[in-house]
Amino acid sequence: MARRVTVRTGTEARLRQQEQQRLNIMGGLLALGGAVVVARLFTLQVLEAEALRHAARVRRERRRPLLARRGAILDRHGQPLAQTTFYYHLAIDPRTVRNPTETARWLAHGLGLSQEALEAAIRESQARNARYQRVATFVPQHRAEPFLQAYRAMPMRQRPALLMREVIPARELPEKRLAAQVIGLTTVEESGEHGAQLKPLCGIELQMERVLQGRNGYEEGEIAPGGVIIPETLRARQSPIDGQPVRLTLDSTIQEAVEEALDALYRQHKPVGALALVLDPHTGEILALANRPTFDPVTRKELARSTEPLRNRAITFLYEPGSTLKPITIAAALDEGIIRPSDRFGCLANFKVGRKPIRCVLHGRRHGWQTPEEVLKNSCNIASAQIGLRCGLERLYRALQRFHLLEPTGVELPAEWSGWTDPPERVNYGRALRAANLAFGQGLFVTPLALAAAYGVFANEGRWVQPHLLYGRSEVRRSTVIQPQTARSVLRGLLRAVEEGTGKRAQIPGYWIAGKTGTAQKAIPHRGYVPGKYIASFIGIVPADEPRAIVMVLADEPRNGYYGGEVAAPTFRRIAQFLLWYWRIPPSRTRPSDPVGLSKSPPLHRGLQEG
Ligand SMILES: [Zn+2]
């Protein structure tokens, strides 16, 4: 099981700062979210008072806002994930109603409302001598327009009432809850002068506000009943400028499959949080990214109790990667010639660094002598610690930097957190133990997205590509992290981890799958580890012989099991199987499973041979 390390105050301060940043955002969200609810209640319940004010405004103002349409958010194929529609609030001037029964019948018929309720409202507002009475709210544009057109076509004297309208924009999500934390939320900000506008709260909506927003226009003149300016009286006009669409790298079909796979994990293991993502290692495109808990973006009812469903754990979650970091330390050691692929590391007896024993997950048994590839296959802590000691703290730290694990990825989302470990110059004692622990993923914190991108290096001939969400983004950072042969060597180790090691539940018949399980005891800064709480994860490469995707699955505090191989690998497998089917990738594995043959000559048709 995981060893205890003290997490220093520097880390704590950083974590606290990042958490504070998140809380600030969430606080703002709550305030704005509350405002929406209040606004609606106001609209529905306190109509009278508002109606009076509005009536006064209608008389006075001759300026009518023209609403811009907020740009749509599209998936990579142009499928809308969020788009703007307009709703109308309709109102009458009760003083113009001669026959309340007839007027109520006309409205009820045209708008599909209750005639009795309308008639009662009209009579009641007439008794008050009101000048403005809302008769319908949030009527879809396509339904309100024909009714308004028929009204405008009526001769003035035959009109059952003077009718007015207000236009309200709304954000629709044709794909419902897909990638809800990525897309984000908007709220309606109502303004009589400038017209209602959608304001972003989080996610892509917030990050891409400048592109999506657009600008409302206006026109000035005499406003006719029905809300149209009488053409002859038009004095000034500024056309609205619609917002631009934003196209994401997400693929709705993959996203849907990932959401479903994650649902199954969430139901079975009831973690406090879970995440799954699919990344193209060659382009850095994020193809799918799902989070649990989640929320219904239409009703938003899950957000009433907590803002946790808004959390995108890919970028606002720091955890100790544990075993999933071993490929990175081994890659760095191989690449710099600190160790050779043929070197052997012994897991034979008790192993101590200073006075601290290093333990292997395999209780009571020993891994024996292992090559670096076999260390990955076995996920051996003792051998990893030996490799870490050979590298030393500085070199390990530089490796984490080279793999971009100690910086934000720069993905197009607000408030991304950054990975962290104490810089070597600040570690004054216990440096050897620190190096040993780092080698198997303890004493550092990373975000899931940064780690998934680091695995992209093994699938992309040693090159790191910046993960991103904007389709066709021109400036994507790339860097060479390790040599191609090092990447292949690690990839082979990851392949064997699935074939023979801890990741067997990720296997898919007919295909070569590479990947690594992670089972890390949950660390709380300054207090060390939380007993009995784990983070289970799996990161895999699909398929290993011709990589197309990095798939990552993570469960925070799962129940009914806690091993990465048990909790996360089956979900990975489900997603990987879908991708192979969706991309029509034919099985490339002609021989049945043969671990011995595999170790002698890798039966992979591309790129996996040494050198
Ligand atoms: Zn071992």
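Some observations on this one:
- Within-15-Å neighbourhood charge of Ala264 [Cβ basis; K, R +1; D, E -1]: +2
- Taking other C-beta atoms within 10 angstrom as a stand-in for reagent exposure, Val530, Val476, Val97 fall in the order Val530, Val476, Val97, fewest first.
- Projecting the Cα atoms of Leu248, Leu148, Phe138 onto the charge dipole of the stretch 115-256, computed from C-beta unit charges around the Cα centre, puts Leu148 farthest toward the positive end.
- For Asp251, the shell of other residues with beta-carbons less than 13 Å away shows a net charge of -3, using +1 for Lys and Arg and -1 for Asp and Glu.
- The stretch 87-115 and the stretch 391-469: distance between their alpha carbon centers, rounded to Å: 65 Å
- Near Phe345, the amide H atoms lying under 5 Å from its own belong to Gln370, Thr371; only residues 5 or more places off or on other chains count, and H is placed 1.01 Å from N.
- For the stretch 461-561, applying the loop criterion from DSSP together with a ceiling of 13 other beta carbons within 10 Å to the trypsin sites (Lys or Arg not before Pro) yields Arg477, Arg527, Arg559.
- Summary of the geometry: the stretch 292-318 and the stretch 232-250, compared by the centres of their Cα atoms, lie 31 Å apart.
- Taken as Cα centroids, the stretch 179-225 and the stretch 525-574 sit 39 Å apart, rounded to the nearest whole angstrom.
Since every read-out is calculated from the coordinates, none of them should be taken as a lab result. Model, not experiment: these values are computed from the prediction. All Cβ positions, glycine included, derive from the backbone under ideal geometry; neighbour counts span all protein chains shown.
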